[in-house]
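**Student:** Starting off with a structure, shown below.
The values are calculated or read from the model by the stated rules, or taken from the named source; none is laboratory data. Predicted model only: the values in this text are computed from it and were never measured. Note that each Cβ is placed from the backbone with ideal geometry, even for glycine, and that neighbours are counted across all protein chains shown.
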Amino acid sequence: MSDIEKKTVYFDNSATTPVSKKAAAAMLNAAKTVYGNPSSLHDMGLAGEHIVNDARAVILSSLGVSRGTAGQLIFCGSGTEANNLAVRGTVTAKKRSKGGKIIISAGEHASVEETVSALESEGYQAVRIPTVGGVLDFETLEKELTPDTILVSIMLVNNETGAVYDVKRAFDMAKRMCPSVTTHCDAVQGYMKVPFTAKSLGADLITLSAHKIHGSKGTGVLYIDPAVIRAKKIVPIIFGGGQEFGLRSGTYNVPGIAAFGAAAEEGINSISDNIAKMKSVRDYLVKRLSDNEFQSKGVKLNCAPLDKCAPHILNITLPQIKSETMLHFLSNQGIYVSSGSACSSHKKSVSRALTAFGLNEKDADCSLRISLCPENTSEEADIFMNALLSGINSLASIR
């Protein structure tokens, strides 16, 4: 295929999405026109503050919160930072002489898993709830919810398998058995893909990220339930000028926040149509990958029942072809997928999310993640699958 004939197919939207035109315009306006520091008291600073507050109101509204209270939505530098604030900020606020128990799912994003691992080295106990087949093990969760449990953190959508976890049931169980526990949901991969509100999730803390919904990189938020604020059950992990109600110091990234607000407004206005578009392409991919032309080659689908999966993520295992090898083959065709979480792509270890799902290490090392956005089409799916089949035939013969 010549370079002219190549059509770029971007199926790595769970790593990051392209910035939308409206988000880019909002970002440019904030960078070039409203460039004052929102913490400054002059008019240019106040104009920046208005942008920040408008974006805050839009994002809260997207969570079903019509009027937020002070400190209810904290802007951070990323979803990773927001997760760190949620986990370490909660545990630090509840610090006790004998530590305490933290419960997470076995396949959490690295920003939760690594934070919890660090807290383990400081004397806290951590329990990881199995997620075989993309389903939370509620029997284990119920057994582990003991009086010393201080935090339960479970993601809404697994970023590698697309499995949607029943976090409402988990958090309701946690509150019933441990009334003082704080609950946190990393909803980064579910935001604008799986409809929810702050109330329907049942979480005290919720993490979101801009660049997964066509905003810009470098902006995340942590939603905090007012009851947590009143009880002072979370403390800052970054100190400085006291911005964001004292919970996250640092100069505001006004362009990034403006882009987040614009992307959130676009997303919530078209969420039903967007979900339908992604689901249509996802289901088409599943149908073709389930046909004999792929099954006879040994391609396996790694997903929970489709009605328990997000509409934009599909994970497959290749027939004894390492994912990195296939990634390079596809990339040379102008087709972009991933081998798992982009945040962990340079690590040599096998994906925890996939082994937690039930794959052995060998299969996990031969798996690809396909992730969609509303702009992707069935035509692109055909281009991808034809290239994938070609890659399997070529690479298998080399092997």
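**Student:** Cβ contacts < 6 Å: first residue farther than 11 Å from Ile392 by Cα, restricted to the range 314-335; second residue assigned to a helix (DSSP H, G or I), any location; separation 6+ or different chain. Result?
**Tutor:** Pairs that qualify, where the first residue is farther than 11 Å from Ile392 by Cα and the partner is assigned to a helix (DSSP H, G or I), are Leu314/Arg282; Leu314/Leu285; Thr317/Asp363; Gln333/Ala387; Ile335/Phe384; Ile335/Ala387.
**Student:** Quick one: count up the residues across the range 116-138 that are among the aromatic types (Phe, Trp, Tyr) and assigned to a helix (DSSP H, G or I).
**Tutor:** So the answer is 1.
**Student:** Moving to a separate point now. Identify, by number, the condition in (1) within 19 Å of Met155 (Cβ to Cβ); (2) without any contact (Cβ under 8 Å) to a residue 40 or more places away in the chain; (3) among the aliphatic types (A, V, I, L, M) that Met44 doesn't meet.
**Tutor:** Failed condition: (1).
**Student:** Could you list, in sequence order, the residues of the range 220-237 that are within 22 Å of the chain's Cα centre (by Cα) and either aliphatic (A, V, I, L, M) or surrounded by fewer than 19 Cβ atoms within 10 Å (Cβ to Cβ) (or both)?
**Tutor:** Val221, Leu222, Ile224, Ile234, Ile237
**Student:** Additional query: Which pairs have Cβ atoms under 9 Å, sit 6 or more apart or on different chains, and link a residue in the range 191-204 that is at negative phi and part of a loop (DSSP other than H, G, I, E, B) to one that is of a type in the set (Phe, Trp, Tyr) and surrounded by fewer than 23 Cβ atoms within 10 Å (Cβ to Cβ)?
**Tutor:** These pairs meet every condition: Ala203/Phe171; Asp204/Phe171.
**Student:** Now for a different question. Return a yes/no flag: does the range 270-280 have any residue that is on the phi < 0 side of the Ramachandran plot, buried (at least 17 other Cβ atoms within 10 Å of the Cβ) and touching a Leu at 6+ places or on another chain (Cβ under 7 Å).
**Tutor:** Taking every residue of the range 270-280 in turn, at least one turns out to be on the phi < 0 side of the Ramachandran plot, buried (at least 17 other Cβ atoms within 10 Å of the Cβ) and touching a Leu at 6+ places or on another chain (Cβ under 7 Å).
**Student:** Could I ask something else about it? When the residues of the range 320-335 are filtered to those that are touching a helix residue (DSSP H, G or I) at 6+ places or on another chain (Cβ under 8 Å) and within 22 Å of Ser349 (Cβ to Cβ), which remaining residue is surrounded by the fewest Cβ atoms within 10 Å (Cβ to Cβ)?
**Tutor:** Here the answer is Gln320.
**Student:** Picking from Glu139, Glu144, Glu122, which residue would you name as being more than 17 Å from the chain's Cα centre (by Cα) and either at pLDDT below 95 or polar (S, T, N, Q) (or both)?
**Tutor:** After applying the criteria, what remains is Glu122.
**Student:** Turning to a different aspect of this structure: Could you list, in sequence order, all residues of the range 205-248 that are among the polar types (S, T, N, Q) and either modelled with pLDDT of 95 or more or part of a helix (DSSP H, G or I) (or both)?
**Tutor:** Across the range 205-248, the qualifying residues are Thr207, Ser209, Ser216, Thr219.
**Student:** Taking the range 349-389 only, how many residues are of a type in the set (Val, Ile, Thr) and either more than 18 Å from Lys300 (Cα to Cα) or in contact with a strand residue (DSSP E or B) (Cβ under 6 Å, 6 or more places away or on another chain) (or both)?
**Tutor:** Selection size over the range 349-389: 3.
**Student:** Scan the range 138-153 for residues that are crowded, with 18+ Cβ neighbours inside 10 Å and either closer than 12 Å to Asp172 by Cβ or without any contact (Cβ under 8 Å) to a residue 12 or more places away in the chain (or both) and report the count.
**Tutor:** Qualifying residue count for the region: 3.
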